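Written below as structure tokens is the structure these notes are about.
The values are calculated or read from the model by the stated rules, or taken from the named source; none is laboratory data. Here the structure is a predicted model, which is why all the values come from computation and not from measurement. Cβ atoms come from the backbone with ideal geometry, glycine included; neighbour counts cover every protein chain shown. Quick note on the areas: whole protein, heavy atoms, side chains included, nothing else; ligands and nucleic acids left out. Shrake-Rupley method; radii C 1.70, N 1.55, O 1.52, S 1.80 Å.
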Amino acid sequence: MSPYVANGVSHNDFSKLGVQTPPLSTSSTASSSSSSSLSLSSSLRSKASSRHDGFSTRAIHIGSEPSQETNAVIPSISLSTTYKQDGIGNHKGFEYSRSLNPNRDAFERMIAALEDGLELDKKVLYNEATNDDSPSESSLAVTTRGYAFSSGSAATATVLQSLGPDAHILCINDVYGGTYRYLQRVANGLTNLSTTFIDFENATDDNIINSIRPNTKLIWIESPTNPTLRLANIPHISSLIHSHPHTTPSPRYTSLTRPLILVDSTFLSPFYISPLKAPINADITLHSVTKYINGHSDVVMGALIVRLSSPYPHPFLEALPEKLSFLQNAHGAIPSSFDSWLAQRGAKTLALRMKQHGLNALALARALKRNPNVKEVVYPGLRDHPANPIVWSILRGSWANEWIKSQGFKQDEEGRGDVPFGGIISIRIDISSSPSTPETFLTSLRLFTLAESLGGVESLAELPARMTHAGIPAEERAALGIDDSLVRLSVGVEETSDLIADVEQALEIACGGGGASASASANGDASSISTVEEEAMFVDVDSANGSAEDFAVSNGV
């Protein structure tokens, strides 16, 4: 098998998954190795059945196999646009770079693995009847497939176009502005897509179920939201959708079909949330790779990850991979080989960065809670955040769960507790003395850069009401809690104490003193970094009929 099989498994993938494969036999070594083949096969089967490689192991090794041509440890950047065929249609998986490129394929295999793809099949790994120690393609269950795009917006457009004409979706009401813009101003006109916007955080089960129509094909959830960090109970919503008997019969299934569930988990990355696994069991994950996955503010990319096997079968889900592959090639909105290479390199340190982002953000949030110049600190990882119990529910199914436990973070008897949960914090600054206080604060920061976007190693700060969300009318912003006192912080991976000191000195300058009350205890907090999603824009809509005032949505960054 070629090492470059889109979202497939090469010979080297076995060793990357913790399976030690024997070297390929030659005539001179076959006889000497035959006596040990049975014991080796047994050992391999035992090891393989107990291995389930972790997050960083997958990020570092899947898609980064040493070159079979040069033995180079780091993948090369493949700039070729076309590939030699040994005969008509006889090639190594690559014909034209828009259709597939080695670097994009490597990234797609890696990101699929981070969403829990490439799992070992514990029932059969080697052919016991023939004592064949060669890896078999059937020995791995490929449970997810990844698709890379030139931006998160391109990923959004592709998955929505895959629904076909005259479809209906349910969408969280304070969705990212680019998503809202495409739903209302592009998809509605091109494919007659209709959208019902719902406040999933406060909607009752009946509200959600009664909004489902016979042509409802997708539930679109984004959580936490930007910049108010509202957190919908995604596990509960998913369970509700999976358990409800819907009204559209399927010719291929005895059960009735349901809408697919998509989760935009850009703010949390694959480390803090695993939408395709229990307890969420969604069908599709969307990422703006630009943010945490790449992590260095030098790549614009997007990704979709689709679940290939689900405990909740769905005929459209079976057809979706082929549809997405076709649209990805037909649209041509694919990342360059260089961007794919950069994003894959960035993802190799994703777990390391997300741990520090979370620790830094939690430490900074704790310090800001003690600062008299801050009226409110919004961070779902804090015990007193309204959705803190949901945070713990999400974390239990995530890659971060074991690390969270190892750090000593625990829930109390009420199911609450401080815990790292991404790197984004929003704060409300006291502006009673001067409306310009937030701007003074932002321009007085030394380490936090005044800029849009999020998820990089560097810390960023912005004023949503006048920057990322300026396109929303004032009355709409007020209804969503986005006023001139709200500041969004994307906490980086700098030293924790330096970040706390920077924010406190800026608050002291802006508010006239009193902002350093937490300095003494700041160094005792765990290090932290904030995780926010890009300039998502909120929409005030009628959840009953999905109507929304047509207003100007800023382009954002």
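Quick rundown of the values:
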item	result
Region 276-317: number of residues that are among the aromatic types (F, W, Y) and at pLDDT 95 or above	1
Extreme residue, most open to solvent (accessible area, probe 1.4 Å), among residues of region 326-367 that are among the hydroxyl-bearing types (S, T, Y) and under 20 Å from the mean Cα position of the chain (by Cα)	T349
Any hit, region 384-396, residues being more than 25 Å from S490 (Cβ to Cβ), touching a residue at least 40 places away in the same chain (Cβ under 8 Å) and within 17 Å of the chain's Cα centre (by Cα)	yes
Residue in region 489-496 that is open to solvent by 40 Å² or more (accessible area, probe 1.4 Å) and assigned to a helix (DSSP H, G or I) present	no
Residue satisfying all of: in region 472-488; among the hydrophobic types (A, V, I, L, M, F, W, C) and either modelled with pLDDT of 90 or more or open to solvent by less than 10 Å² (accessible area, probe 1.4 Å) (or both); nearest to E458 (Cα to Cα) among these	V487
In region 497-525, the residues that are open to solvent by less than 10 Å² (accessible area, probe 1.4 Å), under 12 Å from A363 (Cα atoms) and either part of a loop (DSSP other than H, G, I, E, B) or modelled with pLDDT under 60 (or both)	A518, A522
All positions within region 277-305 that are in a loop (DSSP other than H, G, I, E, B) and open to solvent by 10 Å² or more (accessible area, probe 1.4 Å)	K277, A278, P279, N281, T290, H296, S297, D298, V300
Listing of helices (runs of 4 or more DSSP H) fully contained in region 323-407 that carry 3 or more residues being more than 23 Å from Y147 (Cα to Cα)	350-369, 388-396, 401-406
Residues of region 408-435 satisfying the condition of being hydrophobic (A, V, I, L, M, F, W, C) and either closer than 19 Å to N233 by Cα or not in a loop (DSSP other than H, G, I, E, B) (or both)	V419, F421, I424, I425, I427, I429
Residues (out of contact with any helix residue (DSSP H, G or I) (no Cβ under 7 Å at 6 or more places or on another chain) and either surrounded by 21 or more Cβ atoms within 10 Å (Cβ to Cβ) or of a type in the set (F, W, Y) (or both)) located in region 379-393	H385, N388, I390, V391, W392
T191 among the hydroxyl-bearing types (S, T, Y) and within 25 Å of H469 (Cα to Cα)	no
Candidates T204, T179 - the one that is modelled with pLDDT of 95 or more and under 24 Å from L229 (Cβ atoms)	T204
Region 184-200 - residue that is out of contact with any Cys (no Cβ under 9 Å at 6 or more places or on another chain) and outside any loop (DSSP other than H, G, I, E, B) and, of those, nearest to N215 (Cα to Cα)	S194
Test: G417 is open to solvent by less than 30 Å² (accessible area, probe 1.4 Å), without any contact (Cβ under 8 Å) to a residue 40 or more places away in the chain and more than 21 Å from I500 (Cα to Cα)	yes
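Yes or no, residue by residue, for (1) in contact with a strand residue (DSSP E or B) (Cβ under 6 Å, 6 or more places away or on another chain); (2) open to solvent by less than 10 Å² (accessible area, probe 1.4 Å):
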{"site": "Q161", "(1), (2)": "no, no"}
{"site": "I169", "(1), (2)": "yes, yes"}
{"site": "V175", "(1), (2)": "yes, yes"}
{"site": "Y182", "(1), (2)": "no, no"}
{"site": "G189", "(1), (2)": "no, no"}
{"site": "I198", "(1), (2)": "yes, yes"}
{"site": "I209", "(1), (2)": "no, no"}
{"site": "I212", "(1), (2)": "no, no"}
{"site": "N215", "(1), (2)": "yes, no"}
